[in-house]
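Asker: Can you read through this structure? Questions will come right after.
Read-outs: derived from the displayed coordinates by stated rules, not from any lab. These numbers were taken from a predicted model, which means no experiment stands behind them. Ideal geometry is used to build each Cβ from the backbone, glycine not excepted, and the neighbour counts take in all protein chains shown.
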């Protein structure tokens, strides 16, 4: 029987590349995101069965109604990849924008909880499943001017640990993947479209690309049933810590 993977934030970056990789490995896909045009374009690129759910992870009603709309066959979700998230602004705490704080907390923390809340009961009913939460090196190591983003990703780290404990009796794997510098839309969003600032983040070294992360996710998903890569940190070779990168 074909397995089903549900990916949030599938319209770009890590989510998109993960969809492409898992499709090549025979997974049916539930592609979740806010940009329907991008998801439809992705859907045309893959050869496996797929369905699209359009919602903002920060909106509980949208999340719940979207998952409720799935047919019974599509509710047999084997893998949930909580990939959707965001970073907004890079400033010391005293200068932080409350709207930026809300966007990060609601997207990175509430959004993960809302989606998980919709999928976990389906996995518990089958006593099977695998949840992978995308954290960040920033959730393990705090850096200047990133307190709230780091806090939101630290919350993901803690939630991954707590979910693993709570869901262990039901045979559900829970994994955490913490990437370092990945060249995606991440910095463009953080700097609100300032291309020069976004490009500067990745200058002088070779960062990870989305496909690098997707390949690690592939192994995490496809590892033997008795194996759980519970917490993986993935860095480019030039990066030693959250804020130490060897730039040439």
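Asker: Gap in Å between the Cα centre of the stretch 1-80 and the Cα centre of the stretch 201-248?
Answerer: Using only Cα atoms, the two centres lie 23 Å from each other.
Asker: When Rg and Dmax of the Cα atoms in Å is calculated directly from the model, which label among (i) 17.3, 54; (ii) 18.1, 63; (iii) 19.9, 68 fits?
Answerer: Calculated Rg and Dmax of the Cα atoms in Å: the matching label is (i).
Asker: Classify the stretch 1-95 from the C-alpha gyration tensor, please: rounded if a/c falls under 1.5, else prolate or oblate depending on whether a/b exceeds b/c.
Answerer: It comes out prolate by the Cα gyration axes.
Asker: Separate question: What distance in nm separates the two pseudo spin-label positions at residue 211 and residue 97, each 7 Å out from Cα along the beta-carbon direction?
Answerer: Spacing of the two 7 Å Cα→Cβ label points: 3.4 nm.
Asker: For a protection proxy built on the mean count of beta-carbon atoms within 10 angstrom, sort 219-229, 19-29 highest first, please.
Answerer: Ranking, from highest mean packing down: 19-29, 219-229.
Asker: In percent, what relative contact order does the stretch 131-223 have, based on Cα pairs under 8 Å that are 6 or more apart in sequence?
Answerer: 26
Asker: Could you order peptides 118-129, 77-88 by the average number of other Cβ atoms within 10 Å of their residues, highest first?
Answerer: 77-88, 118-129
Asker: Right, here's the next one. So if I take the centroid of the Cα atoms in the stretch 148-185 and the same for the stretch 89-109, what is the distance between those two points in Å?
Answerer: For the stretch 148-185 versus the stretch 89-109, the Cα centre distance is 19 Å.
Asker: Now for a different question. Just subtract the alpha-carbon distance of residue 127 and residue 247 from 0.36 nm times their residue separation and send over the number in nm, one decimal.
Answerer: Values: separation 120, 0.36 × 120 = 43.20 nm, distance 4.72 nm.
Fully extending the segment from residue 127 to residue 247 adds 38.5 nm.
Asker: So how much slack lies between residue 71 and residue 166, counting 0.36 nm per residue of separation and subtracting their Cα-Cα distance, in nm?
Answerer: Stretched out fully, the residue 71 to residue 166 stretch lengthens by 31.5 nm.
Asker: Which percent, to the nearest 5, of DSSP beta bridges fully inside the chain are antiparallel?
Answerer: Antiparallel bridges: around 5 percent, rounded to the nearest 5.
Asker: Sticking with this one: Tell me the relative contact order for the chain as a rounded percent, counting alpha carbon contacts under 8 Å between residues six or more apart.
Answerer: Reported relative contact order: 19 percent.
Asker: Going by average Cβ density within 10 Å per residue, which order do the peptides 231-241, 99-109 take, highest to lowest? Don't skip to the end; give the middle numbers.
Answerer: Numbers: 231-241: 15.5, 99-109: 18.8.
So the order, starting with the most tightly packed, is 99-109, 231-241.
Asker: Between residue 147 and residue 233, what is the FRET efficiency for a Förster distance of 25 Å, r being their Cβ-Cβ separation, to the nearest 0.05? Each step should come with its number before you reach the end.
Answerer: Numbers: r = 20 Å, r/R0 = 0.81.
The computed FRET efficiency comes out at 0.75.
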